[in-house]
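Note sheet for the following structure.
The values are calculated or read from the model by the stated rules, or taken from the named source; none is laboratory data. This is a predicted model, so every value here is computed, not measured. So basically every Cβ, Gly included, is an ideal-geometry build from the backbone, and we count neighbours across all protein chains shown. Just so you know, the surface numbers come from the protein's heavy atoms only, side chains and all, with ligands and any DNA or RNA stripped out. Shrake-Rupley method; radii C 1.70, N 1.55, O 1.52, S 1.80 Å.
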Amino acid sequence: MAAKRIHEPSRSIDVIHETDVLVVGSGPGGLAAALAAARAGVEVTLVERFGCFGGNITTVGVEGFAWYRHEQTVEAGGIGWEFEERAHAMGAAVPESQSLSYELDSEGFKLVADRLVEEAGIRPMLHRQFVAPILDGAVVTGIITESKAGREAILARRIIDATGDADVAHRAGAVTHKTPVEEMQAASVMFHLAGVDKQAFMASVRADPQTYADWSTGEWSVETSGKEDAMFSPFLKKPFQQAIAAGVMPAHLNTISGTWGAMHDTGELTYMNLVHLAGCDGTDPDSLTRFEIEGRKQAMQAIEALRRFTPGCGAARLRNFGMTIGIRDTRKIDAAYNMTEADVRNQGRFEDTIGIYPEFIDGYGVLILPTTGRYMQIPYRAMLPKGTANLLVAGRAIGGDRIAHAATRNMACCAVAGQGAGVAAALSVKTGCDLDRVDMAAVQAELRRQGVRLH
């Protein structure tokens, strides 16, 4: 049976704002892009569909921004490092449980991001959902948003797509590809607990310390380099196995396991990354609806298991869920250069580097931690989509294969790419050249000025 259709009448849409650089999406990649462009001296507008900036940090509750960091880790610095330092200075970060990084408070970081945006003079435009690109042939000249104010148009000299799903690029006709749903990395509903007895909980962790080797138990199989296997991980699996054996939790929930982030003196146990939802398509609203509801159900099952089988958690209660489900994997662009597994495993080097990222791979059953000083460079070309002009793509949708994505999807890497995109867009505006012809030496010089390590 053919689908019913209606005809939407054509209409005029008010242009409510014009800007030099327009960033769509304010996750770690988009926020870094906006800050970098503004600091490079152009007018910047940041559009975000939620009521806060920060993306996965704030809306999903992924507080472990750089949980890969160890003594020998080599990083780019720049705005990603600034996120941690500013959060710590503003009382919105605590030491992370398994690394030499800070765990960012998902609520407090909303204030950190507000402060950074205000200080940079960025025009904030929250509560606006991107719905369509404005095109002049293949050239993206702006976007249309939908909000309580209806449809509005924003024009820009350069646009950065930091939606995470390459929404702008995809709808503008750029070449994109989406991981088949059955192969996508699982989605997660994050949650935080209150009412945990810190002394009892931490004593149980010390009495039975878990390692990254324990990730390969039950339902999961994780490939490591071997050096990770004896390292401490804040991993929780045994309480859920016990709950299934006792009939407290249904047997099909054997996918519940994962890590906790920080155990606070206040009794809050935060960044509970335990619920893994295979088959969730982050570009399908019906799929998102189903898995948001299912994820919350599974989280409550996990909390009951923790109450019964984990010391210190007998009086634990749900503090909050993230505002939205966490998505790891959807669309990626076909870029001028698509990063490869060889690049991320073998310290890829590029003349158009816009920053470095440590040898950290987490996804598709691979876990490599950067404990040896090895790192790769991120090429600018990986953010240049084929099939459109005037557009860069930052964040987890940059060009690359599966294992490359398992590295570049991580939030700190999104910040590296975003900062490079922001600087390139700003210099493209200032010099009047196309994004694919921007002077890379000038881009790299400005990135160094902004504190980024390139080599």
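Can you tell me the dipole magnitude for the chain around its Cα centre, using point charges on the Cβ only (Lys, Arg +1; Asp, Glu -1), in Debye to the nearest 20?
440
Carbon and sulfur: what percent of the range 267-320's accessible surface (1.4 Å probe)?
51
Ranked highest first by average number of other Cβ atoms within 10 Å, how do 111-118, 59-66, 422-429 line up? Let's see the in-between values first.
On the way: 111-118: 19.1, 59-66: 25.4, 422-429: 28.8.
Listed from highest to lowest mean packing, they are 422-429, 59-66, 111-118.
Check ASN320: other-chain or 5+ apart residues with amide H under 5 Å from its amide H, H built from backbone geometry?
Those qualifying (amide H under 5 Å, at least 5 residues apart or on another chain) are HIS192.
Work out from phi, with θ = phi - 60° and the Karplus expression 6.51 cos²θ - 1.76 cosθ + 1.60, the ³J(HN,Hα) of each residue of the range 202-209, listed in order in whole Hz, and give x for Gly and Pro.
Result, ordered by residue: 5, 4, 5, 5, 5, 6, 9, x Hz.
From the phi of every residue in the range 60-76, what ³J(HN,Hα) in whole Hz does the Karplus formula 6.51 cos²θ - 1.76 cosθ + 1.60 yield, where θ is phi - 60° and glycine or proline is x?
So the Karplus estimates, Gly and Pro as x, are 9, x, 8, 8, x, 5, 9, 5, 7, 6, 9, 4, 8, 5, 10, 10, 7 Hz.
Per DSSP helix of 4 or more residues, -39500 (n - 2.57); summed, then divided by the residues of the chain. What does that give at 222 nm, rounded to the nearest 500?
It comes out at -8500 deg cm²/dmol, rounded to the nearest 500.
Any idea what the dipole of the range 133-185 comes to, in debye rounded to 20, about its Cα centre with Lys/Arg Cβ at +1 and Asp/Glu Cβ at -1? List each step's numbers first, then the result.
On the way: 6 positive and 8 negative charges, 58 e Å.
That gives the range 133-185 a dipole magnitude of about 280 debye.
How much of the DSSP beta bridge set in the chain is antiparallel, as a percent to the nearest 5?
Close to 65 percent.
I want the local charge near GLU96. Using Cβ-Cβ distances under 9 Å, sum +1 for each Lys or Arg and -1 for each Asp or Glu among the other residues.
Net charge in that neighbourhood comes out at -1.
For the range 218-263, state which GluC sites (Glu not before Pro) are in a DSSP loop and have at most 16 other beta carbons lying within 10 Å of their beta carbon.
The qualifying sites are GLU219.
Based on the mean of other beta carbon atoms within 10 Å per residue, what is the order of 2-8, 262-268, most packed first?
Result, highest mean Cβ count within 10 Å first: 262-268, 2-8.
Could you tell me which residue out of ASN346, MET376, ALA415 lies farthest along the dipole of the range 291-442 toward its positive end? Charges go on the beta carbon: Lys and Arg +1, Asp and Glu -1, centred on the Cα centre.
Looking along the dipole axis, the top candidate is ALA415.
For VAL139, list long-range residues whose amide hydrogen, built 1.01 Å from N in the peptide plane, is under 5 Å from its own amide hydrogen.
Those lying under 5 Å, H to H, from VAL139 are ALA389.
Please list, ordered by chain and number, the residues whose modelled amide H lies under 5 Å from the amide H of CYS280; skip anything fewer than 5 residues away on the same chain.
ALA187
Once you've got the Cα coordinates, tell me which of LYS227/LYS332; LYS332/LYS386; LYS198/LYS237; LYS198/LYS297; LYS110/LYS297 are over 21 Å apart.
LYS227/LYS332; LYS198/LYS297; LYS110/LYS297
Could you derive backbone 3J(HN,Hα) for the range 288-305 from the dihedral phi with the Karplus parameters 6.51, -1.76 and 1.60 (θ = phi - 60°), listing whole Hz in sequence and x where the residue is Gly or Pro?
Per-residue couplings from phi come out as 4, 4, 4, 7, 4, 5, 4, x, 5, 4, 5, 4, 5, 5, 5, 5, 5, 5 Hz.
By accessible area of protein heavy atoms, probe 1.4 Å, what ranking do THR289, THR353 get, highest first?
On the way: THR289 75, THR353 0 Å².
Largest to smallest exposure gives the sequence THR289, THR353.
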